[in-house]
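Notes for the one structure printed next.
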Amino acid sequence: MRKKEIKLLVFDLDSTLAPIGKGMGEKELKLFRRLDQLQIPIAVASGKTCDYLCGFLRQVGLKNPIMIGENGAMIRFGVDLPPREHYQIPISKEAKESLHRVREILEENFTDLWYQPNLTQVTPFPKEESDLDRIAECIKEYEHELKDIVIHRQSDCFDFVPIGMDKSVGISYLLEKMNLTWDKVMVVGDGINDYGMFEKAGIRLGVKVKEEERVDYNFDSTEKMLSYLLTFI
């Protein structure tokens, strides 16, 4: 791959930097910290909340990470609380009303769901994977009531997200603040919720991406991806 000038690195979290619900491995962590020493801004973009990302990145030990949470809707600079700088992407009145209705529907029909503490979307987690089908059937019955949101079924949860909101929206907002353009961005991801940023970034790297044509280079492990980055940048 031809080298380009990179001004921002954006990583997905789950299954890209670390296994779902776990921290980075020792080898990967050392490589990631070496990347941070190159003084190129590093952002982590995820469906998780910024608070979750904050805890993860505090442990990782990056100097000034940028967090893009809730599939692009929330942006936060640094791991201090309260944050020194933070932004929320506006969502429509219809989307807010539909998200409120989704929560009502789920609470009326299920008593054992855990909800990720989001500000701009609804993300319920069932205790059993088999309950995902029950949630899908329930929501299908009420789909006609829901406006301006999209529904993403994940391996362990559902994401009910304002329509048009994805990681690329949050990154675009961030680029405006940083006075940068997409051609100066390298993104790294593993799945469908990374496709929006794959479409716009100057360089796209994947970790076990199934549709390999969406990325410039696809790696079979986080360690190999990070090792490559250290030789590329």
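Listing for the model above:
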{"read-out": "Residue pairs meeting the criteria (Cβ under 8 Å; at least 6 apart or on separate chains; first under 18 Å from Glu26 (Cα atoms) and of a type outside the set (Asp, Glu), in segment 48-75; second in a strand (DSSP E or B) and at pLDDT 95 or above)", "value": "Phe56/Ala18; Phe56/Val44; Leu57/Val44; Leu57/Met67; Leu62/Ile42"}
{"read-out": "Counted residues, segment 68-103 - those being in contact with a strand residue (DSSP E or B) (Cβ under 6 Å, 6 or more places away or on another chain) and assigned to a strand (DSSP E or B)", "value": "9"}
{"read-out": "Residues within segment 59-72 that are open to solvent by 10 Å² or more (accessible area, probe 1.4 Å) and modelled with pLDDT of 95 or more, tallied", "value": "0"}
{"read-out": "Strands (runs of 3 or more DSSP E) contained entirely in segment 147-233, each with at least 1 residues that are in contact (Cβ under 8 Å) with a residue 24 or more places away in the chain and open to solvent by 50 Å² or more (accessible area, probe 1.4 Å)", "value": "149-153, 217-219"}
{"read-out": "Failed condition for Ile20, given (1) in contact with a helix residue (DSSP H, G or I) (Cβ under 8 Å, 6 or more places away or on another chain); (2) β-branched (Val, Ile, Thr); (3) outside any strand (DSSP E or B)", "value": "(1)"}
{"read-out": "Some residue of segment 32-46 being touching a Pro at 6+ places or on another chain (Cβ under 6 Å), without any contact (Cβ under 8 Å) to a residue 40 or more places away in the chain and not in a strand (DSSP E or B)", "value": "no"}
{"read-out": "Residues within segment 104-122 that are touching a Ser or Thr at 6+ places or on another chain (Cβ under 9 Å) and outside any strand (DSSP E or B), tallied", "value": "4"}
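The values are calculated or read from the model by the stated rules, or taken from the named source; none is laboratory data. Owing to the predicted nature of the structure, the values given are computational and were not obtained by experimental measurement. All Cβ positions, even for glycine, are placed from backbone atoms using ideal geometry, and neighbour counts span all protein chains on display. Remember, those area values only see protein heavy atoms, side chains included, never the ligands or the DNA or RNA. Shrake-Rupley method; radii C 1.70, N 1.55, O 1.52, S 1.80 Å.
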